[in-house]
Amino acid sequence: MVAAALNGGGGQAGEALLTLALPKGRLAEEAAAALRAGGLDVPGEEGEQELVRLLPGSAFGRDLRLLWVRPADVPAYVREGAADAGVTGKDALAEEPQGVLERLDLGFGRCRMVVAVRRAEAERWPARLAGEAGGLSVATKYPRLARRYFLERHGLRPRVLELRGSVEVAATVGMAAAIVDLVQTGATLRANGLVAVEEVLPVSARWIVNPVSLRWKRPLLGELERRLAALAAGEVAAR
Amino acid sequence: MADPTWREEGAASALLRHRIERTVLEVLARWGYREVETPLLEPVEGELRPAAGAGGAAGEAGHLGEEERWFGAVRLMDGGGRPWRLRYDATVALLRRAPELASGGAGLRLAYATTVVRRDEEGEPVALGQAGAEYLSAPSPLGEAEAVGAAVDVLRALGAGPVRVALGDTALVTELERAAGLPETGEAGTSALLEALRAGDHVRAAGLDRVGLAELGGGVAQVRERLRASGGGAERDRFLALLEHLVALGLGERLEVDLQLVGRWPYYAGPVFELTVPAQGQPLGYGGRYRLPGGAREGVGFALDVGRLAALLAGPGPRPEEAAPDVVAFPAAAPPGAIWPRLAALRRAGYTVALAPDEVTAFRWAREAAAAGSSPRLLRLEAGGERWLGRPPAAEAARPGRGEARRSDGEEGAGAWSPRH
């Protein structure tokens, strides 16, 4: 039965089972801790090694299945119904907003999404936007969000270079005039000679839910949400 | 070669799509909806109304340009430089034809099963199957109740499994917001709360919600009580009346009121609903009362996502038509002349009949159908007659010389059949 539940992949998870998509990486431990505090019997970080994990009876007596995936992929698992709910950063939702319900700000994993440029050019920002020869180029892991931001904020359609990581390098070597990326302490920007010039979006961890799961598993998800909301309220108040 | 615009072609064969479309139209015909076709290509010029002072290119401003952007419409240019637009939404296309179809003051019921083309998030054109109904100038709340009832009826006929209906109401939310103080207005001129809910952003909505929408939802009895205690006016009363109609339609147990549900599109102007089954991660369909800009374009309707339905029905479980036969017949040394005329007679009598190649297959089909909630009767067609295995359908049993009376071996067939294989 355990194997069957683990292998029961596509489509909506069964009604007796709660499936959560959780983010690997920087949000993993806090996400697991929040769910534990919310009453789920969720293992700590060591559980991440097993990407799909079935925990019988761990969700208020119901079976719990955890999918540990990249934070940017959490919305896709929830949108497609492979997971009933999940935890991911606001950045992933802003990049791919359709088809999931963003239900709670969990209050942890706070950082900022910013536009950053080389320190020497910070004074010319945003005047430089209009004068960039060959058009403005922006490097980012968030191409849709960056396009939307520059169009809405500056009325511009920059050339957007989509990168997978270490986006700072693109600005440092002049491949792009600016980057759009997450900043927590600013240390990486400083170490690479960059400075944040605009805030695009405040970011924190969000609890997202599949709209169909909300209809069919309302008691279970509702109870979990109530507990997470109480915890999040405490988290926000503590900051 | 498969049509590349049909992304779901692997799961949804053309045959299955067509069966779904046919079932939708047949069920809707029984509700008084007549099928209407709309043009695949429409000329753009002459219909656009650029907003005053707007400097954008043609089609980038004005009502229709705005509408095109909502849907991600695809335009084409012909050899003479004339712009055309591919059909991007069945409702919109149908409403453009409404003036020529108008039949008087009793409202106009139209059904469609068609293909629309829209751009996906990457800007690529994607073909989508839409099937549904429009009840133009529909009264309220009768029109909304009818739309929900017909949509559930269609899904039942398709064998889509247990369906739940979630019901919201944008007009009621607006009324409640006004009662709680002037709503904050967003970019589209509607309340900022409605805009946040449309985007699925309940975190932002919570910060704007002075009404407590989440607490006003739930089952029918609970919502009745809470809404009655909430104050409110005409929209609340109309919504409560709609609930009574839905309960009378037998949908009370399937219904969940969720006032955070306001519909994805900004043209929803009153009650909205979505239809879900547990096996699909996204709703199978949406509907509600809409008011489109650009003239008298108001009505109630719903649209089912044919691709999602096909994906659902292509998987394990019931299939339309094949899944819920009233009769599963199989030949036992019966010549063609003893098979086809008999099946034709049963079909003329209103039965859905599936012909299995042999007895084993017939029992398997009947067992699968029983597991899906229907109870077909088995009919053995023999060279010298026929034999019902178990009870024949009611009308057959009542016919003299039919059903059990035609047994050739005297076997007692009354009572519910039980699969033997």
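The values are calculated or read from the model by the stated rules, or taken from the named source; none is laboratory data. The shown structure was predicted, so the numbers you read here are calculated from the model rather than taken from an experiment. Reconstructed Cβ throughout: ideal geometry from the backbone, glycine too, with neighbour counts over all protein chains shown.
In table form, for the structure just shown:
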{"quantity": "Test: residue A:165 is more than 14 Å from chain B (Cβ to nearest Cβ), surrounded by fewer than 15 Cβ atoms within 10 Å (Cβ to Cβ) and touching a strand residue (DSSP E or B) at 6+ places or on another chain (Cβ under 6 Å)", "calculated": "no"}
{"quantity": "Every residue from the stretch B:127-176 that is free of Cβ contacts under 8 Å to residues at least 40 places away in the same chain and in a helix (DSSP H, G or I)", "calculated": "B:156"}
{"quantity": "Scope the stretch A:55-92; condition among the charged types (D, E, K, R) and either assigned to a strand (DSSP E or B) or in contact with a strand residue (DSSP E or B) (Cβ under 6 Å, 6 or more places away or on another chain) (or both); matching residues", "calculated": "A:62, A:63, A:65, A:84, A:90, A:91"}
{"quantity": "In the stretch A:149-162, the residues that are touching a strand residue (DSSP E or B) at 6+ places or on another chain (Cβ under 9 Å) and surrounded by fewer than 16 Cβ atoms within 10 Å (Cβ to Cβ)", "calculated": "A:153, A:159, A:162"}
{"quantity": "Test: residue in the stretch A:217-229 that is free of Cβ contacts under 8 Å to residues at least 40 places away in the same chain, more than 16 Å from residue A:60 (Cβ to Cβ) and within 14 Å of chain B (Cβ to nearest Cβ)", "calculated": "no"}
{"quantity": "Selection from the stretch B:200-246 of residues that are under 19 Å from residue B:268 (Cα atoms), away from every other protein chain (no Cβ under 14 Å), crowded, with 18+ Cβ neighbours inside 10 Å and out of contact with any Lys or Arg (no Cβ under 9 Å at 6 or more places or on another chain)", "calculated": "B:235, B:238, B:239, B:242"}
{"quantity": "Hits in the stretch B:247-272 - residues which are within 15 Å of residue B:141 (Cα to Cα) and surrounded by fewer than 20 Cβ atoms within 10 Å (Cβ to Cβ)", "calculated": "B:247, B:248, B:249, B:269"}
{"quantity": "Qualifying residue in the stretch A:191-208 (condition: in a helix (DSSP H, G or I) and surrounded by fewer than 20 Cβ atoms within 10 Å (Cβ to Cβ))", "calculated": "yes"}
{"quantity": "Test: residue in the stretch A:149-169 that is closer than 18 Å to residue A:93 by Cβ and of a type in the set (A, V, I, L, M)", "calculated": "no"}
{"quantity": "Flag for residue A:82 being within 11 Å of chain B (Cβ to nearest Cβ), of a type outside the set (D, E, K, R), without any contact (Cβ under 8 Å) to a residue 40 or more places away in the chain and over 21 Å from residue A:37 (Cα atoms)", "calculated": "no"}
{"quantity": "Odd one out for residue A:122, checked against (1) crowded, with 21+ Cβ neighbours inside 10 Å; (2) over 15 Å from the mean Cα position of the chain (by Cα)", "calculated": "(1)"}
{"quantity": "Considering residues of the stretch B:251-306 that are β-branched (Val, Ile, Thr) and outside any strand (DSSP E or B) only, the residue nearest to the other protein chains (Cβ to nearest Cβ)", "calculated": "B:277"}
{"quantity": "Candidate set from the stretch B:205-222 (those that are free of Cβ contacts under 8 Å to residues at least 12 places away in the same chain and within 18 Å of residue B:177 (Cβ to Cβ)); member that is nearest to the chain's Cα centre (by Cα)", "calculated": "B:215"}
{"quantity": "Failed criterion for residue A:36 (all others in (1) modelled with pLDDT of 90 or more; (2) farther than 27 Å from residue A:183 by Cα; (3) within 14 Å of another protein chain (Cβ to nearest Cβ) hold)", "calculated": "(3)"}
{"quantity": "Pick from the stretch B:195-222, criterion of a type in the set (A, V, I, L, M, F, W, C) and farther than 23 Å from residue A:210 by Cα, ranking: modelled with the lowest pLDDT", "calculated": "B:211"}
{"quantity": "Considering residues of the stretch A:176-190 that are within 17 Å of residue A:163 (Cα to Cα) and not aliphatic (A, V, I, L, M) only, the residue surrounded by the fewest Cβ atoms within 10 Å (Cβ to Cβ)", "calculated": "A:188"}
{"quantity": "Members of the stretch A:140-162 that are in a helix (DSSP H, G or I) and of a type in the set (A, V, I, L, M)", "calculated": "A:145, A:146, A:151"}
{"quantity": "Residue that is under 27 Å from residue B:195 (Cβ atoms) and without any contact (Cβ under 8 Å) to a residue 12 or more places away in the chain, where the choices are A:155, A:186, A:99", "calculated": "A:155"}
{"quantity": "Complete set of residues in the stretch B:185-199 that are within 11 Å of chain A (Cβ to nearest Cβ) and either in contact with a helix residue (DSSP H, G or I) (Cβ under 6 Å, 6 or more places away or on another chain) or crowded, with 22+ Cβ neighbours inside 10 Å (or both)", "calculated": "B:196, B:197"}
{"quantity": "Residue in the stretch A:105-123 that is in contact with a Pro (Cβ under 8 Å, 6 or more places away or on another chain) and either part of a loop (DSSP other than H, G, I, E, B) or within 14 Å of chain B (Cβ to nearest Cβ) (or both) present", "calculated": "yes"}
{"quantity": "Flag if residue A:173 is modelled with pLDDT of 95 or more and of a type in the set (A, V, I, L, M, F, W, C)", "calculated": "no"}
{"quantity": "First in the stretch B:260-282 and without any contact (Cβ under 8 Å) to a residue 12 or more places away in the chain and farther than 10 Å from residue B:198 by Cβ, second anywhere and among the small types (Gly, Ala, Ser) and surrounded by fewer than 24 Cβ atoms within 10 Å (Cβ to Cβ), Cβ under 9 Å, 6 or more apart", "calculated": "B:281/A:11; B:281/A:81; B:281/A:82; B:281/A:99"}
{"quantity": "Test: residue in the stretch A:213-223 that is of a type in the set (Asp, Glu) and either surrounded by fewer than 18 Cβ atoms within 10 Å (Cβ to Cβ) or over 18 Å from the mean Cα position of the chain (by Cα) (or both)", "calculated": "yes"}
{"quantity": "Enumeration of residues in the stretch A:85-104 that are farther than 23 Å from residue A:148 by Cβ and within 8 Å of chain B (Cβ to nearest Cβ)", "calculated": "A:104"}
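Results for (1) over 23 Å from residue B:118 (Cβ atoms); (2) more than 26 Å from the chain's Cα centre (by Cα), shown as yes or no for each residue.
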| position | (1), (2) |
| --- | --- |
| B:140 | yes, no |
| B:158 | yes, no |
| B:165 | yes, no |
| B:169 | yes, no |
| B:173 | yes, no |
| B:182 | yes, yes |
| B:192 | yes, yes |
| B:195 | no, no |
| B:202 | yes, yes |
